[in-house]
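Only one structure is covered here, and it is reproduced in the block below.
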Amino acid sequence: MSKLRLISLLHLSGLVILGYACQPDPRESELPPPTPGVVAGIDTLTGLVAQGDYLLVKGNCLACHSSKLIIQNRATRAGWLRMIRWMQDKHGLQDLGDREAPILDYLAEHYAAGSEAVRRQPLEVSWYELQE
Ligand code: HEC
């Protein structure tokens, strides 16, 4: 066999191996897409606790940001109201009308101040004075 032939044969087998390695993993295409619904009490699309008036939160609170901003926060009813007023003042959140009360009830119950939060505790750092 000529040198050239051998080299092109090696190239060809390399391509065959590469082609095989680049095949999409058949198992991946078998995975179902995430289904909208409720699994273990959690709304699969948003991560919100799927109880009470969570659909009001889903419908009114997720146009501008991810549900993670809500889920990682904890506040009293008054604290949630302050956040809503702040978004209304600064970020164009609409008047929620008679949806406001049930939304606040839901948030104060499921994301209550003092309940376990995803957000980590503040670091305990002993700060020092900056010297000039
Ligand atoms: C019109 C847009 C808009 C809508 C609708 C909206 N928000 Fe917000 N929200 C914002 C913006 C802008 C921020 C600031 C985002 C940032 O800091 O990245 C924010 C921040 C937040 C935060 C974080 C506040 C903090 O102090 O860290 C929470 C919690 C929150 N929104 C909850 C809600 C809830 C609950 C609703 C539904 C009642 C809602 N948002 C609907 C615009 C909106």
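A few comments on the model shown:
- Rolling a 1.4 Å probe over the protein heavy atoms of segment 38-110, with every protein chain left in place, gives an accessible area that is 55 percent carbon and sulfur.
- Charge dipole (Cα centre; +1 on Lys/Arg Cβ, -1 on Asp/Glu Cβ; no other charges) of segment 38-110 amounts to roughly 300 debye.
- Lysines whose Cα lies under 24 Å from that of LYS58, excluding same-chain neighbours fewer than 8 positions away: LYS68, LYS90
- Ranked order, LEU55, LEU62 - accessible area, probe 1.4 Å, largest first: LEU55, LEU62
- Solvent-accessible surface of segment 38-110, averaged per residue with a 1.4 angstrom probe and all protein chains in place: 59 square angstrom.
- Order by protection proxy (mean Cβ within 10 Å, highest first), peptides 63-72, 91-100, 42-51: 42-51, 63-72, 91-100
The values are calculated or read from the model by the stated rules, or taken from the named source; none is laboratory data. Given the structure is predicted, the values throughout are model-derived calculations rather than measurements. Please note: Cβ atoms are built from the backbone with ideal geometry, for glycine as well, and neighbour counts cover all protein chains shown. Side chains are part of the model used for accessible areas, which takes the heavy atoms of the whole protein and leaves out ligands, DNA and RNA. Shrake-Rupley method; radii C 1.70, N 1.55, O 1.52, S 1.80 Å.
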